[in-house]
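J.: This is the structure I have questions about; it appears just below.
The values are calculated or read from the model by the stated rules, or taken from the named source; none is laboratory data. The structure displayed is predicted, hence computed values, not measured ones. As a convention, Cβ positions derive from the backbone with ideal geometry for all residues, glycine included, and neighbour counts pool all protein chains shown. Only protein heavy atoms, including side chains, enter the accessible area calculation; ligands, DNA and RNA are left aside. Shrake-Rupley method; radii C 1.70, N 1.55, O 1.52, S 1.80 Å.
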Amino acid sequence: MVFVYTIVSKLLTSRMLADETCPVCGKKGSLQLSLFMRYIEVFWLPMFGLGRTTEVHCTECGHVVKDSNAGAFARKNYPQSIADAIKNLRATHKRTTWQLIYPWSFWFVFAALMGAILIGAKISSKKQLGDVAEVKEILSDPQPGDVYKSTWMSGDAAGQPIAQLVKVVRISGDTMVVVVSNKGFDLMQNPYDIKQWNKISDSDFDSKEYKLYLSDFKAGAIYFEYGNEENGNHKTNKGNVLGNGNMNLDFDVMERK
């Protein structure tokens, strides 16, 4: 990966050195002292601050007395009075908050963005936990009229479960009587896609009733049918509420009217 970067020098302030004379053209008061902040810019984004640097040049002839790009240990070819002026300017110039932040602005933005992502993830995580807890609480107390998005053993020749709506008709003792929707879809068509469920009407249920164990449903949102002639008088697992109430989905797994 190739990164294109540029070292930028941004002017902070400047002043004329009234008592200094240009060593080339001999003009007095023509030397200008400038203070810059330097930083690395990557794809127009300021990323790394490189501190402050100074430059002294003649406004008449253009001679550079001190180069802003010269290294810290470069030989000083100017008098002590200019060195003192540079030291004084660096000490007295107060940078604005923006000037302090700008050379590192990418990292401030990056930190703020990461913080927002982490906070959002934390809030989302809390919300998800709340949603799951709420669903589990509701499923632990089924009511007549509840409709659940479920997996259901359809009883076809293949004996494969399909996605169907299951509606609670009545509850008596440890018996929960339900009916299932006339339409369903193959679980291979992604049961976690709300578009599939929206194709099934929650008002179109078969008249056949199934007697299930209420206690098993409360314990795990699982449908266990009482023994009868069809299942060989054996307790039979008919399926479960989608996710058993343990998953946070983008849609409600149940409807309570």
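Results for (1) more than 30 Å from Val8 (Cβ to Cβ); (2) at pLDDT below 70; (3) open to solvent by 50 Å² or more (accessible area, probe 1.4 Å), shown as yes or no for each residue.
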| site | (1), (2), (3) |
| --- | --- |
| Thr96 | no, no, yes |
| Pro103 | no, no, no |
| Ala116 | no, no, yes |
| Lys122 | yes, yes, yes |
| Glu134 | yes, no, yes |
| Glu137 | yes, no, yes |
| Gly145 | yes, no, no |
| Met153 | yes, no, yes |
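J.: What is the number of the single condition among (1) in a loop (DSSP other than H, G, I, E, B); (2) touching a residue at least 40 places away in the same chain (Cβ under 8 Å); (3) open to solvent by 60 Å² or more (accessible area, probe 1.4 Å); (4) not β-branched (Val, Ile, Thr) that Asp202 does not meet?
T.: Status for Asp202: all satisfied but (3).
J.: Looking only at region 4-42, count every residue that is in a loop (DSSP other than H, G, I, E, B), in contact (Cβ under 8 Å) with a residue 40 or more places away in the chain and surrounded by fewer than 16 Cβ atoms within 10 Å (Cβ to Cβ) and tell me the total. Please lay out each step first, then the result.
T.: Keep residues of region 4-42 that are in a loop (DSSP other than H, G, I, E, B), which gives 4, 18-20, 22-27, 29-30.
Filter once more, so that each one left must be in contact (Cβ under 8 Å) with a residue 40 or more places away in the chain: 19-20, 22-23.
Still in the running and surrounded by fewer than 16 Cβ atoms within 10 Å (Cβ to Cβ): 19, 23.
Result for region 4-42: 2.
J.: Name the residue, out of Phe217, Phe185, Phe224, that is assigned to a helix (DSSP H, G or I) and not hydroxyl-bearing (Ser, Thr, Tyr). Give the steps one after another, and end with the answer.
T.: Working: Phe185 fails: assigned to a helix (DSSP H, G or I); Phe224 fails: assigned to a helix (DSSP H, G or I).
After applying the criteria, what remains is Phe217.
J.: May I pose another question? Looking at Lys195, is it open to solvent by 40 Å² or more (accessible area, probe 1.4 Å), in contact with a Pro (Cβ under 9 Å, 6 or more places away or on another chain) and assigned to a helix (DSSP H, G or I)? Give the steps one after another, and end with the answer.
T.: Details: open to solvent by 40 Å² or more (accessible area, probe 1.4 Å): yes; in contact with a Pro (Cβ under 9 Å, 6 or more places away or on another chain): no; assigned to a helix (DSSP H, G or I): yes.
Criteria not met by Lys195.
J.: Report yes if some residue within region 239-250 is crowded, with 19+ Cβ neighbours inside 10 Å, more than 31 Å from the chain's Cα centre (by Cα) and not in a strand (DSSP E or B); otherwise report no.
T.: no
J.: May I pose another question? Of the conditions (1) closer than 16 Å to Pro144 by Cβ; (2) surrounded by 14 or more Cβ atoms within 10 Å (Cβ to Cβ); (3) modelled with pLDDT under 95, Phe185 clears all except one; give me its number.
T.: Single failed check for Phe185: (1).
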